[in-house]
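In what follows, a single structure is set out as structure tokens and then discussed.
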Amino acid sequence: MNIAIFGGSFDPPHFGHDEVVKSALKNLNIDKLIIIPTFLNPFKSEFGAPPNLRLQWCRNLWENLSPKIIVSDYETSQNRAVASIDSVSYFKNKFNASRIYLIIGADQLNSLHKWHRYDELKALVSFVVACRDDIKIDENLQKLDINVKISSSKIKSELNFKQIPSAILSSVQSFYKDKNAK
């Protein structure tokens, strides 16, 4: 079985994430696309929206898009930051995967070597890079050519929700406006 794993904070999920999901389904030879919201990104000290809300947003957006998609609570249910190698190992065993694609944003390329047990991780997966912000990507890496200029951080700081899919728009607006009002 071939699987792709797309993890992230999804804080909040936006059109860029949506393009990655749709492009992965269209361009990767996969049986399953596993979308995994983090409990907490291992490189961050806090999250904006709570893990279960971000999980629900992801489920609302993608769970019914394709029978290939699984929106997983594997990381959110751990109640701690989970390294990618742990999630990859878990799903490799769960699905007896023969091939694993790990989808990352181009913004992660410079820090990839800092990921927990990186050498072990790169031996298990084929990295697939979602183009972003015109970041140059090595020719040896597989790409999802979406090249979006959207950032969850910018959405939150500017409270500009034009890049949020309508299926979750009111919930996202409500959460971040209430959070900023406090």
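The values are calculated or read from the model by the stated rules, or taken from the named source; none is laboratory data. Note that the structure is a prediction, hence the values are computed from the model and not measured. When we count neighbours, we look across all protein chains shown, and the Cβ atoms used for this are built from the backbone with ideal geometry, even at glycine. For accessibility, only protein heavy atoms count, side chains too; no ligands or nucleic acids. Shrake-Rupley method; radii C 1.70, N 1.55, O 1.52, S 1.80 Å.
Scanning the stretch 67-104 for residues that are open to solvent by 60 Å² or more (accessible area, probe 1.4 Å) and over 13 Å from the mean Cα position of the chain (by Cα) yields a total of 13.
The residues on offer are D73, D107, and the sole one that is without any contact (Cβ under 8 Å) to a residue 40 or more places away in the chain and more than 20 Å from S153 (Cβ to Cβ) is D73. The set of residues in the stretch 148-167 that are basic (K, R) and open to solvent by 90 Å² or more (accessible area, probe 1.4 Å) comprises K149, K154, K162. In the stretch 1-16, the residues that are closer than 18 Å to K149 by Cα reach residues that are in a strand (DSSP E or B) and of a type in the set (A, V, I, L, M, F, W, C) with C-beta atoms within less than 6 angstrom, at least six apart or across chains, in these pairs: G16/V148. Taken together, the residues in the stretch 81-104 that are part of a helix (DSSP H, G or I) and polar (S, T, N, Q) amount to 4. Only residues that are assigned to a helix (DSSP H, G or I), surrounded by fewer than 19 Cβ atoms within 10 Å (Cβ to Cβ) and within 17 Å of the chain's Cα centre (by Cα) were counted across the stretch 111-131, and they come to 2.
Matching residues to (1) of a type in the set (D, E); (2) under 19 Å from P13 (Cα atoms):
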{"site": "T76", "(1), (2)": "no, yes"}
{"site": "A83", "(1), (2)": "no, no"}
{"site": "S87", "(1), (2)": "no, no"}
{"site": "K94", "(1), (2)": "no, no"}
{"site": "D119", "(1), (2)": "yes, no"}
{"site": "V129", "(1), (2)": "no, yes"}
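Restricted to the stretch 19-61, and to residues that are hydroxyl-bearing (S, T, Y) and either closer than 18 Å to F91 by Cβ or open to solvent by 50 Å² or more (accessible area, probe 1.4 Å) (or both), which residue is farthest from the chain's Cα centre (by Cα)? Here the residue is S45.
Being modelled with pLDDT under 90, assigned to a loop (DSSP other than H, G, I, E, B), in contact with a strand residue (DSSP E or B) (Cβ under 8 Å, 6 or more places away or on another chain) and open to solvent by 40 Å² or more (accessible area, probe 1.4 Å) holds for only one residue in D145, D138, D134, D107, and it is D134.
One residue is enough: does the stretch 39-58 have a residue meeting the conditions assigned to a strand (DSSP E or B) and among the aliphatic types (A, V, I, L, M)? No: zero hits. The number of residues in the stretch 30-74 being of a type in the set (D, E, K, R) and under 20 Å from F15 (Cα atoms) comes to 4.
Of all residues in the stretch 158-181 being modelled with pLDDT of 85 or more and among the polar types (S, T, N, Q), which is nearest to P51 (Cα to Cα)? Talk me through it step by step, then tell me what you get.
Filtering the stretch 158-181 for residues modelled with pLDDT of 85 or more gives 158-176.
Adding the requirement that they be among the polar types (S, T, N, Q) leaves 160, 163, 166, 170-171, 173-174.
Working: N160: 21, Q163: 20, S166: 20, S170: 18, S171: 14, Q173: 17, S174: 16 Å.
Among those that are modelled with pLDDT of 85 or more and among the polar types (S, T, N, Q), it is S171.
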